[in-house]
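Report on the following structure.
Just so it is clear, none of the values below were taken in a lab; they were calculated from the coordinates. All values reported here derive from a predicted model rather than from experimental measurement. Heads up, the Cβs are rebuilt from the backbone with ideal geometry, glycines too, and the neighbour counts pull from every protein chain shown.
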Amino acid sequence: EDMTSRQRAGKTFFTVNEGEQILSPVWLPAENRENCTVLLASSNNRLLAFALNELKQLNKGRGLQLMQLAGSDELIAINLTDNAMVTVEVQGPRGKQSYEKIRQEDIFSKRAKKGKPLPVLGKIVNIS
C-alpha cells in the first residue's frame, strides 16, 4: 500500500551510499511480540537492548534511529530475542572465535541510546 505511486517502472526501496552496507533482515515472529527485545551491536563493541514495542511504524520512507553511533562507529549486528541471556560472538585479536554470555538486563535501555561497552579483547561479530 505504501509502495504505490504514479511511476510504473521500478520503485526505490532505500538508498545505499558508497561505503555503506545493508544488514540482513531479521525475522519477526507472528506471536509473542510483546516479550521480544531488539539486540544491537556496534563496531566499537557497544551493545544495546530495548523493547520491540518502542519501534513504531512510519510511512513515506521515514526511518527510526535504533542506536546512537559516534564518529566511525557502525551498526554491525541486529537480532530479536525473548531470552534473559544474550550470546555475543567475539573474534579475538588472533582470530579465535569465542562466545560471551551476558544478562539482557545489563545492556537494556531505551531506543536510540549509545549502548553499553562490552569489556572484551577483540571485536563483536554477532549477537543472539
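Within the chain, the longest run free of exposed loop sites, counting chymotrypsin sites (Phe, Trp or Tyr not before Pro) that sit outside DSSP helix and strand states (H, G, I, E, B) and have at most 14 other Cβ atoms within 10 Å, spans 28-128. Around the amide H of ASN44, modelled in the peptide plane, lie the amide H atoms of GLU74, all under 5 Å away and 5 or more residues distant in sequence or on another chain.
Can you give the longest stretch of the chain with no exposed loop site, where a site means GluC sites (Glu not before Pro) in a DSSP loop (not H, G, I, E or B) with at most 15 other C-beta atoms within 10 Å? Of all site-free stretches, the longest is 75-128. Taking the centroid of alpha carbons for each part, region 41-57 and region 73-128 are 11 Å apart. What number comes out for the charge environment of ARG111, summing +1 per Lys or Arg and -1 per Asp or Glu over other residues with Cβ under 12 Å away? So the surrounding residues net to +3.
With an 8 Å cut-off on Cα pairs and a minimum separation of 6 or more residues, tell me the relative contact order of the chain in percent.
RCO, the chain: 30 percent.
Each label was represented as a point 7 Å from its Cα along the Cα-to-Cβ direction; for LYS116 and SER72 these points are 2.8 nm apart.
Using only alpha carbon positions, build the gyration tensor of the chain, then give the equivalent ellipsoid semi-axes as the square roots of 5 times its eigenvalues, largest first, whole angstrom.
Details: eigenvalues 168, 73, 34 Å².
Ellipsoid half-lengths, sorted descending, are 29, 19, 13 Å.
The aspartates and glutamates whose alpha-carbon is closer than 18 Å to the alpha-carbon of LYS101, local same-chain residues fewer than 8 away aside, are ASP82, GLU89.
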